[in-house]
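Data block below; observations after.
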Amino acid sequence: MSHWLGVDLGNARVGLAMSDPELTFAHPEGNIVVRGDYFQALYEACDFIEDHDIDHVVVGYPLLLDGTEGKSARKARRWAKALEKHIDSRGLATTVELLDERMTTVSAHRQLSEAGLSMRSHRPNVDQQSAVVLLQAALDAASRTKTASVGLED
């Protein structure tokens, strides 16, 4: 069975989202509390990957609005590389990719408001909801690519 994991790196929490086995829908899986240093979440993320047979991890890549890499994006890239090393050291066959996450937090706040949650209750939920938005974008893109390639075969 195949599952994908979405990861939103926040300063207080790392939000997690997981796909269904058909790789159609993303749903929230909670947060890893990190209190200012999301490199603390590496081991817990690896444990989650191993426990849930995750095949592919999508890590939010917070590019600047002009598309260039700033400090946060560089830190996310380093985190993703460290995650790959931890995954490899455990002998897991899981791929890691960075995905532009510009505007995912805005979308997550909008979705939480539309669900009737007050702004005060957004804080503990926004990281995992951002991970859902990120992972759903990756799942949708993979589905479009798969659909586009159908019919190219003889």
**Asked** With (1) over 22 Å from D20 (Cβ atoms); (2) of a type in the set (S, T, Y); (3) open to solvent by 70 Å² or more (accessible area, probe 1.4 Å); (4) at pLDDT below 90 as the list, and T145 as the residue in question, which single condition is left unmet?
**Response** (1)
**Message:** Filter the range 46-69 down to the residues that are open to solvent by less than 50 Å² (accessible area, probe 1.4 Å) and either without any contact (Cβ under 8 Å) to a residue 40 or more places away in the chain or not small (G, A, S) (or both) and list them by number.
**Reply:** C46, F48, I49, I54, H56, V57, V58, V59, Y61, P62, L63, G67
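Among the listed residues D20, D53, D37, D8, which satisfies the condition of being in contact with a helix residue (DSSP H, G or I) (Cβ under 7 Å, 6 or more places away or on another chain) and of a type in the set (D, E)?
On the way: D20 fails: in contact with a helix residue (DSSP H, G or I) (Cβ under 7 Å, 6 or more places away or on another chain); D53 fails: in contact with a helix residue (DSSP H, G or I) (Cβ under 7 Å, 6 or more places away or on another chain); D37 fails: in contact with a helix residue (DSSP H, G or I) (Cβ under 7 Å, 6 or more places away or on another chain).
Checking each option against the conditions leaves just D8.
Collect the residues in the range 83-116 that are at pLDDT 90 or above and closer than 16 Å to L5 by Cα, keeping them in residue-number order.
First pass over the range 83-116, keeping only residues at pLDDT 90 or above: 83-99.
If the condition is that a residue be at pLDDT 90 or above and closer than 16 Å to L5 by Cα, then L83, E84, H86, I87, L92, A93, T94, T95, V96, E97, L98, L99 are the ones that fit.
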**Asked** When only residues in the range 11-45 that are closer than 14 Å to Q136 by Cβ and open to solvent by less than 40 Å² (accessible area, probe 1.4 Å) count, which is farthest from the chain's Cα centre (by Cα)?
**Response** D20
**Every residue from the range 35-51 that is modelled with pLDDT under 95, of a type outside the set (G, A, S) and either on the phi > 0 side of the Ramachandran plot or in contact with an Asp or Glu (Cβ under 9 Å, 6 or more places away or on another chain) (or both)** = R35
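The values are calculated or read from the model by the stated rules, or taken from the named source; none is laboratory data. Keep in mind that this is a model prediction, so the values were computed, not measured. Heads up, the Cβs are rebuilt from the backbone with ideal geometry, glycines too, and the neighbour counts pull from every protein chain shown. Accessible surface is based on the protein model in full, side chains and every heavy atom, while ligands, DNA and RNA are left aside. Shrake-Rupley method; radii C 1.70, N 1.55, O 1.52, S 1.80 Å.
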